[in-house]
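This report concerns only the one structure given below.
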Amino acid sequence: MGQSSSTISGSNRNNNSIHRTKYKSTAIIAPIQAEEKSDDNDINVTLFDSPDIISELPDECLACIFQSLGSGDRKRCSLVCQRWFTIEGQSRHRLSLDARSDLFLLIPSLFSRFDSVSKLALKCERRSTSIGDDALILISLKCRNLTRLKLRACRELTDSGITVFAKNCKGLKKLSCGSCTFGAIGMNAVLDHCAHLEELSVKRLRGITDGAAAQLIGPGLASAALKTICLKELYNGQCFGPVIAGSKNLKTLKLFRCSGAWDELLESISDRVNSCLTEVHLERLQVSDRGLSSISNCINLEILHLVKTPECTNLGLISIADRCKLLRKLHIDGWKTNRIGDEGLIAIANRCPNLQELVLIGVNPTTSSLGLLASNCRNLERLALCGSESIGDAEISCIATKCVALRKLCIKGCPVSDHGMEALAGGCPNLVKVKVKKCRGVTCEGADWLRASRGSLAVNLDTGSMEPLEASTSDGGVLENAGEFASVVSQLTVGGVPSSSRSSRSALAKARLGFLAGRSFVVCTLRRLSSTSNNHNTSASNQR
C-alpha cells in the first residue's frame, strides 16, 4: 500500500507545481536570490528536482508523527493524500463518537477505517435517543482490540446488549458508564467475562433496583485484576459490596454521593482488602468514626479524602493516624461542623511523618496543631487552608517559621492580612507558589510587596469581587457609586485586621455592620438629592 500511495503522490507532483511554489522554504529561496542571471527554468529545477523526503518515510514513522498531533491537526493531515488518510486511520487508537441512534449505519465504515481503536467513548445528549443493543454488539464485533470503553447517557442499552458485548470484548481493561439504564445483570456479565478489567467507574446506573431485593454485583473473574473502583450517585451502591470485598488487589476505592449507610459495608471489606488498599475517597457519604476505624485497618493507606462527611470526628481521624503510618495525602472538608480540629490533626502530626499534602476546608486548626505538623512532617510540600476562621496572621507566621519543605501554599477565605504576607517573605525557603483568594485583609499592595521581596516566588492574588450593591430607589435605578464605596470599605477592613484570630473576626463583623449602615446612608442621601433635583427642575420649568 505504501508503494502505490507514493506513486500517486509522485505523479501529481508536476501537476501541482504552481501551487507548491507558495510553500518554498527559506533555504531554497536564498541561493535563488544570490544568482541574478538565473531564469525560470533554473528556478523550477532548483525547487522541484529535490527529493521528496516525506514520501520516503516508512508508514511507522508517519504514524508516530500523527500520534503526537492533536485531533484537529490529525484530521487535516488525513486529507493530504490517500496514503496519509490510510495511515492516520490505522494509527488512531482513541475515538470519541456521538452515540445517537443514527450512528448504527456508520459503524461498518467507521471501524473499517479506524481498525486499531482501543479506547472508545460513546456519548449521547440527554434529549436524544442513544444507540441500542444492536449498535453496541456490532461495535464489539468490529473493535476486537478494545481495552477501554466509556458510556455516557446511552439509555437504550439493556442487560442483553451489555452481556453480548462483554463476551465479545474479553480484553476490556477499563469500563466507565454514567446515566445508563442497564442493571446488575449486565454489570455481572462484564465482571464474569472481562477477566482483565482493572478500572470500574459507575455513575447514576439507573437499572440497579433499590431496596433489599437488589441483586448483588460481583465479584466475578475480574476480581483478581480490579485495582480501582469508583461509585458515584448510586441509590443502592451497597450492592457492589461483593465485588469490592472480593477484589484482593484493590488499590483505590472512591465513593461519591451514594445513599445509604456505609459503616457496615466498610467493616465487611476492611479485613479482605487491607493489605493492598492505598487510596480512599469518601464524599457526601453516610459514614461515621466506625467506618473510619475500619479503613484504618488498611495499614498501607497513603491517600485519604474526607469530603462533607459530618459524622466523622477527631476519634475517627485518630484511629487513622494510629495505624496508617504511611499516609502521604490528607484532604478534609469539615463542612464547618467543627467535629475535626486540633485533636485529630495533632494525632496526624505525631504519627504520620510522611505527610506531603494537607488540604483543610472548613476546619479550624490553630498554632498548636499547625506547629506540630510543620515540625514533625518534614516532607510537607503542599498546604491548602480554605474557609478556616482560625487561620490568621499568627498561624501564617507559624507556618512560615516551621514549614521548611513547603513549596505550595493556598489560602482561601481566611482572616489573613498583609502582615501574614510579610511573614511569608522571610520564611519557607523552598516556597515557589502562593495562592491567596477571597482573603479581604490581603491587598494588592501586600501581594506586590511579597513578589518584590522574593522574585522567584509566584504570587496569585484573587480578592474576589464583591456583589454589586443595588438600591431600591423610586425610579428603579441602581446605586452608581457602589464600586467606589465597596473599595473604601475594603480599605477600612484591611487596616482593621490585626494578627490574632478573634480580633480578626470581630473586625470583619464590625466592618460588615459598618458597610450595611453606610449603604443605607448612601441610599437615603441619593433619594434626597434626587427629590431635591426634581423639585428644582419643576420650579425652573414653571418660571419659564
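The values are calculated or read from the model by the stated rules, or taken from the named source; none is laboratory data. Note that the coordinates shown come from a computational prediction; the quantities given were computed from them, not determined experimentally. Cβ atoms come from the backbone with ideal geometry, glycine included; neighbour counts cover every protein chain shown. For accessibility, only protein heavy atoms count, side chains too; no ligands or nucleic acids. Shrake-Rupley method; radii C 1.70, N 1.55, O 1.52, S 1.80 Å.
Worth a mention:
- Which of 417, 112 is most accessible, then next, and so on - probe 1.4 Å: 112, 417
- Phi angles of the range 450-463 translate, via the Karplus equation with coefficients 6.51, -1.76, 1.60 and θ = phi - 60°, into HN-Hα couplings of 5, 5, 5, 6, 10, x, 7, 8, 8, 10, 10, 10, 10, 6 Hz per residue; Gly and Pro are given as x.
- Ordered from largest to smallest accessible area (heavy atoms of protein chains, 1.4 Å probe), the residues 279, 56 come out as 56, 279.
- Each residue was assigned an accessible area with a 1.4 Å probe, and for residue 275 the value is about 70 Å².
- Shape category assigned to the range 126-238 from the gyration tensor of Cα positions, a/c cut at 1.5: oblate
- The largest accessible area among 221, 372 belongs to the first residue in 221, 372, and the rest follow in falling order (1.4 Å probe, all chains).
- Placing a label point 7 Å from the Cα of residue 405 along the Cα-to-Cβ direction, the residues of the range 324-351 whose backbone N falls under 18 Å from that point are 324-331, 346-351.
- Across every direction, the projection of the convex hull enclosing the Cα atoms of the range 254-359 has a mean area of 5.6 nm².
- Solvent-accessible area per residue for the range 339-402 (1.4 angstrom probe, square angstrom): 33 Å²
- Counted charge near residue 175, where neighbours are those whose Cβ lies closer than 9 Å (Asp, Glu -1; Lys, Arg +1): +3
- Accessible area of residue 142 (1.4 Å probe, protein heavy atoms only, ligands and nucleic acids ignored): about 90 Å².
- Here the range 301-418 has 49 percent of its accessible surface on carbon and sulfur atoms, given a 1.4 Å probe and all protein chains in place.
- At the residue level, residue 60 shows approximately 130 square angstrom of accessible surface with a 1.4 angstrom probe and all protein chains present.
- Considering all C-alpha pairs of the range 97-160, those separated by over 17 Å amount to 34%.
- What the Kirkwood sum gives for the range 248-315 is a hydrodynamic radius of 11.8 Å, with every pair of different alpha carbons counted.
- For the range 364-450, the Cα gyration tensor yields ellipsoid semi-axes of 19, 15, 11 Å (square root of five times each eigenvalue, largest first, whole Å).
- P(r) histogram, all alpha-carbon pairs of the range 60-192 included - 10 Å bins from 0, percent: 12, 42, 30, 14, 2
- Distance between modelled label sites at residue 90 and residue 268, nm, 7 Å Cα→Cβ extension: 5.2 nm
- Approximate spin-label separation residue 53-residue 101, in nm, with each point projected 7 Å along Cα-to-Cβ: 5.4 nm
- A simple charge model with +1 on the Cβ of Lys and Arg, -1 on the Cβ of Asp and Glu and nothing else charged puts the dipole of the range 108-212 at about 440 debye relative to its Cα centre.
- Length, then width, then depth: along the principal axes, the Cα atoms of the range 180-327 run 41, 28, 20 Å.
- Per residue, in Å², the accessible surface of the range 88-200 once ligands and nucleic acids are set aside, probe 1.4 Å: 45 Å²
- Considering all different alpha carbon pairs of the range 52-136, the Kirkwood hydrodynamic radius works out to 14.2 Å.
- Dipole of the range 132-180, positive direction: furthest Cα of 180, 162, 147, with charges on the beta-carbon: 147
- Computed over every Cα-Cα pair of the range 49-100 and binned at 5 Å starting from 0, the pair-distance distribution P(r) comes out as 4, 18, 30, 22, 13, 7, 3, 2, 1, 0, 0 percent.
- Cross-link pairs 251/435; 75/203; 119/254; 75/251; 325/438; 248/336 - those with Cα-Cα distance over 27 Å: 251/435; 75/203; 75/251; 325/438; 248/336
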